[in-house]
Amino acid sequence: MGICDDPEILKAYDEVCDDKNEVNWILLTFADTKSNILKVGHKGTGGIDELKEHLKEDEAAFGYVRVPMSNDPLSQRTKFVLVSWIGQQLSYMRRARLSVQKSDVTKVLRYFSIEVPATEHTELDADDILVQLKKAGGANYDRQTSNY
């Protein structure tokens with residue numbers, strides 16, 4: 001069995017990608033401390049701030065978040081963020097495997113504008129992520145009011 005073979009992962013991914021669905025984030029966690037198999041650990045409707053509540057210092061996880069953006073009322077668009085979480089108390093063996101495992105994860109969580117690698121909750125500030133998304137998005141027509 002592959003790292004992301006659980007059919008619930010693809011189902012949850014589709015929920016996040018669907019603008020009509022309230023679910024706007026998922027968190028893939030390992031089945032247990034020895035396992036190399038991911039499962040849908042959590043999902044919710046509260047965005048990156050709610051996802052952060054489920055990140056543990058002794059775990060690795062992959063989050064996927066839908067973020068609505070706009071420069072003005074007429075240019076609404078949706079962007080996606082991949083979060084690669086490596087808790088600071090994570091074992092060295094798990095850390096070593098993550099780079100290989102992440103490539104398998106991105107085969108399932110395919111479409112994202114930016115990846116945010118994080119080891120601390122402070123690295124997942126919603127406002128900072130929005131700025132990163134705007135920078136990655138190219139043209140910024142509200143440049144007069146933005147911080148970058």
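Please treat every number below as a calculation from the coordinates, not as lab data. The shown structure was predicted, so the numbers you read here are calculated from the model rather than taken from an experiment. When we count neighbours, we look across all protein chains shown, and the Cβ atoms used for this are built from the backbone with ideal geometry, even at glycine.
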Exercise for the section: Report the relative contact order of the chain, percent, no decimals, based on alpha-carbon pairs under 8 angstrom and at least 6 residues apart. Expected result: 20 percent
Problem - Inter-site label distance for ILE37 and THR78 at 7 Å from Cα along Cβ, in nm - result: 3.0 nm
Handout entry: Net +/- balance of residues flanking LEU38 in space, Cβ distance below 14 Å, scoring K and R +1, D and E -1
Key = +2
Practice task
Take the alpha-carbon centre of segment 116-137, take the same for segment 27-87, and report the distance between them in whole Å.
Solution key: 12 Å
Handout entry: Distant-in-sequence amide H partners of ASN24 (H built 1.01 Å from N, under 5 Å)
Key = GLY44, THR45, GLY46, GLY47
Practice task
Would you please name the GluC sites (Glu not before Pro) within segment 45-84 that are DSSP coil residues with at most 15 other C-beta atoms within 10 Å of their C-beta?
Solution key: GLU53, GLU57
Exercise for the section: Quote the charge dipole size of the chain about the Cα centre in Debye, to the nearest 20; the model charges only the Cβ of Lys and Arg (+1) and of Asp and Glu (-1). Expected result: 520 debye
Problem - VAL116 long-range amide H proximity, modeled H, under 5 Å - result: LEU82, VAL83, SER84
Exercise for the section: Rounded to the nearest 500, what is the 222 nm mean residue ellipticity of the chain from helices alone, with -39500 (n - 2.57) per DSSP H run of 4+ residues and division by all residues? Expected result: -9500 deg cm²/dmol
